[in-house]
Amino acid sequence: MTRSDPVTPAQRVALARAPGRPGVAGAVKALFTDFFEHRGDRLCADDPAVLAGIGLFHGRPVTVLGTRKGADLEQNLACRFGMPTPEGYRKALRAMDQAEKFGRPILTFVDTPGAYPGLEAEARGQGAAIAACLARMSTLAVPLIAVILGEGGSGGALALAMGNRVLMAENAVYSVLSPEGFASILWKDSSRAQEACEVMKLTAADLLDYQVIDRVLPEPAGGAQADPIAFWRTLDQALTEELRGAARLADPARHRQRRFREMGNSWLNAGKETR
Amino acid sequence: MNNWFAARRQRMLRLKVRREGERPFQPRLSAGAPVFEQCPRCHKAVPRAQWEKNLLVCPACGFHRPVGAYRRLSLVLDEGSFQELDAELTAGDPLAFPGYGEKLTGLRRRTGLREAAVAAKGRIGGLPAVVAVLDSRFLMGSMGVAVGEKIARAAETAEKARVPLIVFCASGGARMQEGILSLMQMGKTAAAVTRFRDKGGLYIACLTHPTTGGVTASFAMLGDVTLAEPEALIGFAGPRVIEQTIGQTLPEGFQRAEYLQEHGFVDAVVPRGKMRDTLALLLRLHQKGGARRDAI
Ligand SMILES: [Zn+2]
């Protein structure tokens, strides 16, 4: 964030969470033709909080994956406001396997406060399901481009975002935990969430600095929700370029492994600091 | 010559164990120091010597007290085989988070640890392995850049040496103070242990109290074999967050090692006293060609 930037991190958090924020369902309508949705994890259930399918992107089949918050209250509740269960992550795993088998690039669209913290979710292995997604993404031979559209909340977001390239909407946020959770853990005071937004470095510009993301997608004034059509046009153009770039990767799996192997390494010291 | 090195390694490990033992166990039993220590669970006063002999497990109720990383290594590694890896590896303060640097300095002084993870090469039952251990006394064993890097390097060292990898988890999850880079360590570690396993390496995850958050959702749940200590809390979301979300109290035993085993996520719940033998057995069973003929 530059000094002249008029939008504070806390305002971006609000924009990222605002109703009407473009999500994966909107992306499917705007960017793909001939879409077919995968349903179910083939183990026990179908979680609507994860959308998976196959679509044509400029005539080329790709696998589409994303976390979904839902467009109205009924959908919000069914999707637990975008918090997937293990069944959702296992559906994602299945879609990744399908993509690998048929050589389709994967595009993921992330907007989640995090994985659902529930009794059944734990009983069925929320941690194991997310870990399995991370492991699977690290070995996929097809390119994976991840887009953080709104909230990128914790491990529940990373579970779909180990991309060869990671893009982020200008007003999206991506963090280790929600600002409320962060304030409550570190300061024992969730009302200091505003302050947490400032110190957490969760904006697209911050994450570009940390090399956690590769590209920021500019949003119209008032946020992507103010002019979704303009935003989809921007995203369409960006994804076209990114897929072209990814097609040149000799070994997308190795590229992804190296990308994540380097995460944070510029901050390592080997015994240089004082005891 | 070899013996001299082995003895030196053992002395080094003993020294580090003693150092981390300053809390809760005073190494010098001065005249005024209490000889008994209460079990945190059943409150029985247990002689300190008996705690030690029983590997910090309560002889009355079986409660497993947390153990430091070096003590853990001394409990599982063969005498004289300990060789620490990346002992000096630490990371900076990427968020410039107020008070974080001082906190690290204080913890380093108090625990004798450099970071929340210790990695070592050693032998268990005569067979070589790389063992990494998280220590819950160091910022709840949370995973920042240095911890993630140590786990990834442990996997790479094990791969190069073609020996099994064992990780003892004890962690509250990703380290908040290092922000998004902590989250990224989940990707780093998951990819590293997956690569190791795909190359044919044996990875044993040992889940100890507590294993939660981003550690559970990455390398802790990716073992070829998964062991857990009795009653260890293991989960992704913390119990309090779940209670707040669903608005009800959680059942007795929820997210404990035995519960995880019942739900299919843990191969065996192993009491501390049997851990070394269990690991030795697993290493033997994964030797190329199985057990030696003369052992049948
Ligand atoms: Zn007891």
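The values are calculated or read from the model by the stated rules, or taken from the named source; none is laboratory data. Every value quoted in this text rests on a predicted model; they were computed, and no experiment measured them. Cβ atoms come from the backbone with ideal geometry, glycine included; neighbour counts cover every protein chain shown. All accessible areas refer to the heavy atoms of the entire protein, side chains included, with ligands and DNA or RNA removed. Shrake-Rupley method; radii C 1.70, N 1.55, O 1.52, S 1.80 Å.
Work out the charge dipole of chain A with +1 on the Cβ of Lys and Arg and -1 on the Cβ of Asp and Glu about the Cα centre, then indicate which of A:A123, A:V28, A:P143 is farthest towards its positive end.
Towards the positive end, the residue furthest out is A:P143.
Using a probe radius of 1.4 Å on protein heavy atoms only, what is the accessible area buried between chains B and A, both sides summed, to the nearest 100 Å²?
4500 Å²
Rounded to two decimals, what is the ratio between the C-alpha radius of gyration of region A:159-230 and 2.2 N^0.38 Å? Could you put the intermediate results ahead of the total?
Numbers: Rg = 13.9 Å, N = 72, 2.2 N^0.38 = 11.2 Å.
Ratio of Rg to 2.2 N^0.38 Å for region A:159-230: 1.25.
B:G223's amide H: which non-local residues (gap 5+, or another chain) put their own amide H closer than 5 Å, with H modeled 1.01 Å from N in plane and none for Pro or chain starts?
For B:G223, whose amide H was placed from the backbone, the distant partners under 5 Å are B:A205.
Could you derive backbone 3J(HN,Hα) for region A:166-180 from the dihedral phi with the Karplus parameters 6.51, -1.76 and 1.60 (θ = phi - 60°), listing whole Hz in sequence and x where the residue is Gly or Pro?
Karplus values, whole Hz, x for Gly and Pro: 10, 9, 9, 5, 3, 9, 6, 10, 8, 8, 5, 6, 5, x, 5.
Any idea what the dipole of chain A comes to, in debye rounded to 20, about its Cα centre with Lys/Arg Cβ at +1 and Asp/Glu Cβ at -1?
On the way: 33 positive and 31 negative charges, 166 e Å.
Here chain A has a charge dipole of around 800 debye.
So for A:W267, A:W232, B:W51, what's the accessible-area order with a 1.4 Å probe, most first?
Result, largest first: A:W267, A:W232, B:W51.
I need two numbers for region B:32-105: Rg to one decimal and Dmax as a whole number, Cα atoms only, in Å.
When restricted to Cα atoms, region B:32-105 yields Rg and Dmax of 17.8, 46 Å.
For B:S182, A:S178, give the ranking by accessible area with the largest first, probe 1.4 Å. Intermediate results must be reported in sequence, preceding the final value.
On the way: B:S182 0, A:S178 40 Å².
Of B:S182, A:S178, the descending order of accessible area is A:S178, B:S182.
Using just the helices of the protein assembly as shown, give the 222 nm mean residue ellipticity in deg cm²/dmol: DSSP H runs with n ≥ 4 each add -39,500 (n - 2.57), and the total is spread over all residues, rounded to 500.
Calculated from helices alone, the mean residue ellipticity at 222 nm is -12000 deg cm²/dmol.
At 7 Å along Cα-to-Cβ for each site, give me the label-to-label distance between A:S190 and B:K274 in nm.
Each label point is offset 7 Å from its Cα along the Cβ direction, giving 4.1 nm.
Using the Kirkwood radius built from alpha carbon pairs, what does the Stokes-Einstein equation give as D for region A:99-176 at 4 °C and 1.567 mPa s, in µm² per second?
This corresponds to a translational diffusion coefficient of 99 µm²/s.
Full extension from A:L56 to A:A18: what is 0.36 nm times the residue separation minus their Cα-Cα distance, to one decimal in nm?
Details: separation 38, 0.36 × 38 = 13.68 nm, distance 2.89 nm.
Stretched out fully, the A:L56 to A:A18 stretch lengthens by 10.8 nm.
Convex hull over the Cα atoms of region A:9-261, averaged projected area in nm²?
With the hull built on Cα positions only, its mean projection is 12.9 nm².
Accessible area of B:T111, 1.4 Å probe, to the nearest 10 Å²?
10 Å²
Is the shape of region B:180-265 rounded, prolate or oblate, going by the alpha carbon gyration tensor and its root eigenvalues a ≥ b ≥ c, with a/c under 1.5 for rounded and a/b larger than b/c for prolate?
Taking the square roots of the gyration eigenvalues as a ≥ b ≥ c, region B:180-265 is oblate.
Enumerate the calculated ³J(HN,Hα) couplings along region A:89-98 in order (Karplus 6.51 cos²θ - 1.76 cosθ + 1.60, θ = phi - 60°), each rounded to whole Hz, writing x wherever the residue is Gly or Pro.
5, 6, 5, 4, 4, 4, 5, 5, 4, 5
Could you tell me which of B:I166, B:Q185, A:V64 has its Cα farthest along the dipole of the protein assembly as shown towards the positive end, charges placed at Cβ (Lys, Arg +1; Asp, Glu -1), taken about the Cα centre?
Result: B:I166, furthest along the dipole toward the positive end.
How large is the charge dipole for the protein assembly as shown, taken about the Cα centre, if only the Cβ atoms of Lys, Arg (+1) and Asp, Glu (-1) carry charge, to the nearest 20 debye?
2400 debye
Over the residues of region B:127-183, compute the C-alpha Rg and express it relative to 2.2 N^0.38 Å.
Cα Rg divided by the expected 2.2 N^0.38 Å: 1.20.
With only alpha-carbon atoms in the gyration tensor, what are the semi-axes of the equivalent ellipsoid for region A:147-275, in Å, largest first?
27, 24, 11
Using θ = phi - 60° and the Karplus curve 6.51 cos²θ - 1.76 cosθ + 1.60, what whole-Hz ³J(HN,Hα) does each residue of region B:117-127 get, with Gly and Pro shown as x?
My calculation for region B:117-127 gives 10, 10, 10, 8, 9, x, 10, 10, x, x, 9 Hz in order.
If amide hydrogens are placed 1.01 Å from N in the peptide plane, which non-local residues have theirs closer than 5 Å to the one on B:M143?
Distant-sequence amide H within range of B:M143: B:G173, B:A174, B:R175.
Search the structure for amide H atoms under 5 Å from the amide H of B:E37, placed 1.01 Å from N in the peptide plane, and list their residues when 5 or more places away or on another chain.
B:V46, B:R48
Based on Cβ point charges of +1 for Lys and Arg and -1 for Asp and Glu, what charge dipole magnitude is obtained for chain B about its Cα centre, in debye rounded to the nearest 20?
1080 debye
Simple spin-label model, 7 Å along Cα-to-Cβ: B:F5 to A:L268 in nm?
Output for this residue pair reads 2.4 nm.
Mind checking the full-extension length gain between A:I229 and A:K29? Use 0.36 nm per residue of separation minus the Cα-Cα distance, one decimal, nm.
70.9 nm
Taking a 29 Å limit on the Cα-Cα distance, which of the listed pairs A:K69/A:K201; A:K101/B:K188; A:K91/B:K188; B:K16/B:K53; A:K201/B:K16 fall beyond it? Don't jump to the answer; show the numbers that get you there.
Details: A:K69/A:K201 24 Å; A:K101/B:K188 25 Å; A:K91/B:K188 23 Å; B:K16/B:K53 18 Å; A:K201/B:K16 37 Å.
The pairs that break the limit, which is 29 Å between Cα atoms, are A:K201/B:K16.
Hey, if we sort A:R244, A:R17 by accessible area with the 1.4 Å probe, largest down, what's the order?
A:R244, A:R17
Roughly speaking, to the nearest percent, how much of region B:66-285's 1.4 Å accessible area is carbon and sulfur?
49 percent
Evaluated at 20 °C with a viscosity of 1.002 mPa s, what Stokes-Einstein diffusion coefficient in µm²/s does region B:66-285 have when Rh comes from the Kirkwood expression over alpha-carbon pairs?
Values: Rh = 17.4 Å.
So the translational diffusion coefficient is about 123 µm²/s.
How many times 2.2 N^0.38 Å is the alpha carbon radius of gyration of the protein assembly as shown?
Cα Rg divided by the expected 2.2 N^0.38 Å: 0.98.
Can you give the convex hull volume of the alpha carbon atoms of region B:72-152 per residue, in Å³?
Dividing the Cα hull volume of region B:72-152 by its residues yields 87 Å³.
Where the centroid of each part is defined by its Cα atoms, how far is region B:186-251 from region B:44-111 in Å?
Spelled out, the Cα-based centre of one part sits 19 Å from the other.
Antiparallel versus total DSSP beta bridges in chain B: what percent is that, nearest 5?
Restricted to chain B, the bridges split so that about 45 percent are antiparallel.
How much accessible surface area, in Å² rounded to 10, belongs to the heavy atoms of A:R90 with a 1.4 Å probe?
Accessible area, nearest 10 Å²: 50 Å².
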